[in-house]
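First comes the structure, then the notes that go with it.
The values are calculated or read from the model by the stated rules, or taken from the named source; none is laboratory data. Remember, predicted model here, so these are calculated numbers, not experimental data. Don't worry about glycine lacking a Cβ; one is built from the backbone with ideal geometry, like all the others, and counts go over all protein chains shown.
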Amino acid sequence: MINVLVVLAIAAPSPNMEERRVYVKPKVDHRVKVIRPYRPWLRALAWCESTNRPWAVDPSGTYFGLYQFDVQTWYSVGGRGMPNQASRREQSYRAVILRQRRGTAPWPVCG
C-alpha cells in the first residue's frame, strides 16, 4: 500500500496587492446572429425539404441535409465535407448565405 501526502500551500495576498476583476465576455458564435432573423423561414424550409432531419439524403443521392443542398452548392457557400454530416447550425448558416445570394430560387417548391 502506498501512502501519498498532498500539501496545499495558499499564499496570503500582500497588503500592496490590489484586487482586480476581469470581465470576460462570453464567446458567441457569429452564426447565431446571422441565423436569428431567418429562424421562422428556416424551420418551415427544413420541415418541407427534409422533415427536419439534418442527416437526410434524397433517394437519388444528389441532395443532402436539412435544406437538401447539392455538393457543389454546399461548397459554393463555404461548406466543408458533406452537408448531411454538418451540424444543424452550420447547415442553417449556409442556407442563409445561399438565400442572401440567390433568394429562394434554390428551393423552388419549399422556398
* To do: Any residue in the range 25-51 that's in contact (Cβ under 8 Å) with a residue 24 or more places away in the chain and over 13 Å from Tyr67 (Cα atoms): show its pairings with residues that are surrounded by 10 or more Cβ atoms within 10 Å (Cβ to Cβ) and of a type in the set (A, V, I, L, M) at Cβ separation under 6 Å, as long as the two are six or more apart or on different chains.
  => Val34/Val96; Ile35/Val96; Tyr38/Val96
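For every residue, the table says whether it meets (1) modelled with pLDDT under 95; (2) surrounded by 20 or more Cβ atoms within 10 Å (Cβ to Cβ); (3) in a loop (DSSP other than H, G, I, E, B).
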site	(1), (2), (3)
Ala44	no, no, no
Tyr67	no, yes, yes
Tyr75	no, no, no
Gln91	no, yes, no
